[in-house]
1. Kindly state which helices (runs of 4 or more DSSP H) lie completely within segment 120-216 and contain at least 1 residues that are hydroxyl-bearing (S, T, Y) and under 30 Å from I35 (Cα atoms).
2. Please enumerate the residues belonging to segment 597-639 that are at pLDDT below 85, assigned to a loop (DSSP other than H, G, I, E, B) and crowded, with 18+ Cβ neighbours inside 10 Å.
3. Looking at A412, A393, which one is assigned to a loop (DSSP other than H, G, I, E, B) and out of contact with any strand residue (DSSP E or B) (no Cβ under 6 Å at 6 or more places or on another chain)?
4. Report yes if G243 is without any contact (Cβ under 8 Å) to a residue 40 or more places away in the chain, part of a loop (DSSP other than H, G, I, E, B) and either surrounded by fewer than 11 Cβ atoms within 10 Å (Cβ to Cβ) or not assigned by TED's automatic domain parsing to the domain that holds G198 (or both), otherwise no.
5. Could you count how many residues in segment 451-473 are closer than 19 Å to A494 by Cβ and either without any contact (Cβ under 8 Å) to a residue 12 or more places away in the chain or touching a Phe, Trp or Tyr at 6+ places or on another chain (Cβ under 8 Å) (or both)?
6. Looking at L221, L270, which is the one that is among the aliphatic types (A, V, I, L, M) and either part of a strand (DSSP E or B) or in the same structural domain as G492 (by TED's automatic domain parsing) (or both)?
7. Quickly run through segment 415-460 and pick out the residues that are in a strand (DSSP E or B) and basic (K, R).
8. L328: over 30 Å from A523 (Cβ atoms) and either in contact with a Leu (Cβ under 9 Å, 6 or more places away or on another chain) or modelled with pLDDT under 65 (or both), yes or no?
Amino acid sequence: MNRPLFPPIDATDTAARLDLMQAALDRVNQGFTIIDAELRLVAWNRGFFEMLDFPPEFGRFGTPFETFMRYNAERGEYGPGPVEELVAQRVDAARAFAPHYFERVRPNGRIIAVSGEPVPGRGFVTLYTDITEQRNSERLIREQNNELERRVAERTEALSRSEERLRLITDAIPALIAYFDRDRVYHFANRGYAEWFGRRKEDVPGRDIEEVIGSRLAAELKPHLDAVLEGRSVSYEYSLRRGDGSLRHASSTLVPEFGPGGEVRGAYVLSADVTEQKNTQTALLQARKMEAVGQLAGGLAHDFNNMLTVVIGNLAALKERQPHDAALADCLDPALTAARRGVDLIRRLLSFARQQSLEPRPVDVVRLLDELLPLLRRSLPESIAVGCELPEATVFAMTDPHQLENALLNLAFNARDAMPGGGSLAIRIAPRRLAGAAAADLDLAPGDYVDIIVADSGRGMSAAVLARALEPFFTTKGYAAGSGLGLSMVYGFAKQSGGGLRLASTPGAGTEAQLHLPRCEPAAQVDADGIGALPAVPGRGLVLLVEDDAEVRRVVRMQLTGLGYPVIEAANGAEGLALLDQIDDIALVVSDVVMPGGIDGLSLAREVRARRPQVGVLLMSGYAGGPDVAAGDVALLAKPFASHQLAAALESCRP
């Protein structure tokens with residue numbers, strides 16, 4: 001039996017299918033309508049009425065499109081305006097049957113997307129979608145994006161400010177900071193690091209190490225650079241000659257930077273300028289060396305002066321006894337000259353050791369140098385031009401004028417020896433105030449000073465020679481051409497005066513000696529007859545001579561008797577006090593300062609003043625005013641001395 005390909009559909013099936021289709025459309029979460037060519041509702045779903053809140057009675061076949069528009073217009077869905085005009089506008093638009101899409105915000109705040117498509121010649125189909133949540137999500141995303149962008153902008157600005165502050169800090173701190181990669185190319189350098197090598201910090205990044213620090217220093221530091229790029233931290237010190245000729249010292253630490261895999265990416269450079277510390281250490285070492293030699297010189301001076309007292313005293317006595325013996329004089333005169341040179345050598349040693357007594361007073365250094373210049377010019381060869389730069393106003397320094405003259409002569413003679421072929425010698429005086437680091441660098445107390453600068457155009461000194469130039473007995477001159485005490489004596493005089501001496505020299509460019517002396521005000525004028533005059537001891541009273549060295553005692557006794565003084569002797573302080581208590585005729589006590597037995601010269605002088613105030617006291621010292629002699633009114637005579645010096649000291653001595 002043949003069956004038809006398309007069986008006929010009866011009315012019951014059609015109704016069932018329509019009910020099924022309507023049920024399906026009602027479950028769609030979008031609104032749905034079909035408007036025919038006559039602008040009448042022919043199909044819809046429940047979502048349309050629920051979404052747009054239309055009355056249920058509108059949901060019937062044939063409801064005019066205009067009815068929906070009017071309902072919306074009357075309840076204010078389309079905003080203000082005449083209802084008829086609002087309805088007519090929308091009806092006219094619908095009659096165009098053109099595809100359309102728009103979004104409308106309902107009074108309840110819901111956002112409805114309306115999308116219509118025409119059915120050619122038969123009306124149009126419209127979908128209504130509630131996109132409120134979507135738009136809210138989009139708005140929230142936009143707001144979050146805007147907030148994120150704002151925060152990123154703030155963080156970027158904060159980071160930029162932080163980087164700027166970091167740059168300012170790294171440029172301001174007294175440290176040298178840089179970073180280079182494993183190819184030894186700089187990526188960063190602070191201002192201090194760049195200026196240390198004479199560059200701008202903008203010019204360092206992108207350059208390799210050798211180009212920035214120079215090939216010589218790069219070769220010197222290569223082992224340290226190799227070590228840090230192998231992953232080891234290293235510390236070292238190096239010296240750098242700056243463009244102005246000054247020698248600077250730096251202490252550096254290299255720290256490697258590691259990547260995630262442990263590989264070395266580069267290294268940080270952390271350095272500090274330690275020039276001042278190095279100079280201070282050098283000055284301290286020099287001071288300790290000077291102190292050690294000074295203690296040695298001071299200890300030897302007493303014994304040498306005692307020996308020279310015996311030698312000179314006996315030679316002088318022998319010459320006085322045989323004044324007309326020319327043959328004897330030919331032997332005695334060189335011996336006396338050599339012995340006196342020994343005395344001068346000891347005094348120069350004591351001056352270096354700062355144990356030579358000074359007589360400081362306010363000195364017009366401008367006037368002193370002005371008066372010394374003729375002697376300087378006569379003492380130097382004509383091939384050396386001497387120039388002098390003096391301030392117009394007077395400048396006073398607290399110093400010993402005679403020692404200052406000797407110091408300037410020593411500096412001038414050293415300059416002369418450095419210019420065998422001639423040259424120029426410039427001397428200038430300038431007041432200067434030292435404070436803080438400048439004073440510490442010169443190892444001086446802060447205050448006012450007078451700088452006396454002696455500069456020559458000679459051959460200069462190497463760094464090794466300059467480091468030892470102030471050492472006693474160090475000299476670069478040939479045999480017998482110098483004692484090596486000239487500069488050390490000037491240094492000792494300067495330190496003893498409360499000042500200092502600084503040498504600066506470059507091979508081939510000359511040497512500059514800077515003598516710093518404490519500045520002071522002029523001394524007040526004092527009537528010369530008002531103070532200080534001591535009446536001479538009348539007659540030739542009995543002298544008690546106290547000296548532990550028998551040979552020295554014999555020579556001094558011989559000088560005293562030669563001057564007409566009767567003498568009794570004691571070998572130590574205890575014997576001297578015993579004789580003082582027993583002999584009333586003693587008018588003068590002449591005693592050595594340093595003696596064994598517990599009673600030295602100072603103790604003896606105090607006992608004499610206490611027991612016999614009318615007895616005069618004269619002390620003798622081989623230290624020439626060293627630390628064993630306290631300040632006071634006890635007369636002091638430096639060994640060795642001539643008879644006329646002893647006579648003058650005795651005549652001025654009184655209780």
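The values are calculated or read from the model by the stated rules, or taken from the named source; none is laboratory data. Note that the structure is a prediction, hence the values are computed from the model and not measured. No Cβ is skipped: glycine too gets one built from the backbone with ideal geometry, and neighbour counts run over all protein chains shown.
1. Working: elements: 132-172, 191-196, 209-213.
Filter on segment 120-216 gives 132-172.
2. G622, Y623, A624, G626, V629, V634, K639
3. Numbers: A412 fails: assigned to a loop (DSSP other than H, G, I, E, B).
Only one candidate qualifies: A393.
4. On the way: without any contact (Cβ under 8 Å) to a residue 40 or more places away in the chain: no; part of a loop (DSSP other than H, G, I, E, B): yes; either surrounded by fewer than 11 Cβ atoms within 10 Å (Cβ to Cβ) or not assigned by TED's automatic domain parsing to the domain that holds G198 (or both): yes.
When the stated conditions are applied, G243 does not pass them.
5. Of all residues in segment 451-473, those closer than 19 Å to A494 by Cβ come to 451-456, 461, 466-473.
In the following step, the residues that additionally are either without any contact (Cβ under 8 Å) to a residue 12 or more places away in the chain or touching a Phe, Trp or Tyr at 6+ places or on another chain (Cβ under 8 Å) (or both) were identified as 468, 470, 472.
The qualifying residues number 3.
6. Numbers: L221 fails: either part of a strand (DSSP E or B) or in the same structural domain as G492 (by TED's automatic domain parsing) (or both).
None of the other options fit; the residue is L270.
7. R428, R432, R433
8. Working: over 30 Å from A523 (Cβ atoms): yes; either in contact with a Leu (Cβ under 9 Å, 6 or more places away or on another chain) or modelled with pLDDT under 65 (or both): yes.
Criteria met by L328.
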